[in-house]
Every structure is written in structure tokens, then in C-alpha cells.
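Heads up, the thing below is written out as C-alpha cells.
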Amino acid sequence: MLKNVCVAGKRTSMRLEAAFWDALAEIARREGLTVSKLCTRLASQLDAQDIDSFSSAVRVYVMEYFRAATPRSEAPCCEVAVAAE
């Protein structure tokens, strides 16, 4: 899903799956920010790391955010379908 966000005052398009847009909005809400302000913060951190794809960087950020917020457990918490090779 392609959406526009403002990053550092500039309108930019970003293509993410609906689940990532929802997760990004949830993170912004938890952190007391707008999605645009959250993306601006993320982009400023990434400039030093020379990340080519901002959409990919956002996906990784979302995954790491929720991974850090989830307590570790030895037992699996859900079944995951794996595609046949």
C-alpha cells in the first residue's frame, strides 16, 4: 500500500503492507508522535548509516521495536505456516 508521509518537512511516498502501516501508527501512538515525526526521527538516524531503501528500514524498525517490547519465552507462542519448498 502506497502512502505519503512528511519526512523532515518533505512529502515522500512509501510502500508498506497494511500490517506495517498499522504497526507504524501504533508505535507513533505509543511514543506520543505522529507517523511523520516518527519517520523523520528514523530517517535522521538512518542518514548516518546510508540506508538505500527507507521502506525496508521502516519494516526492520517496526520488527525490532516490537521484538524489544516482547518478553522472551522458550516456548513458541503461535504456530507459523511455512511454505513448502
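Here, each number is a calculation from the coordinates, and none is a lab measurement. Predicted model only: the values in this text are computed from it and were never measured. As a convention, Cβ positions derive from the backbone with ideal geometry for all residues, glycine included, and neighbour counts pool all protein chains shown.
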If you stretched the chain out fully between residue 60 and residue 47, how much longer would it get, using 0.36 nm times the residue separation minus the C-alpha to C-alpha distance? 3.1 nm
Set the Förster radius R0 to 22 Å, insert the Cβ-Cβ distance between residue 19 and residue 68 as r into 1/(1 + (r/R0)^6), and round the FRET efficiency to 0.05. 0.75
If you keep only loop residues by DSSP, which GluC sites (Glu not before Pro) in segment 2-59 have at most 13 other Cβ atoms within 10 Å of their Cβ? 17
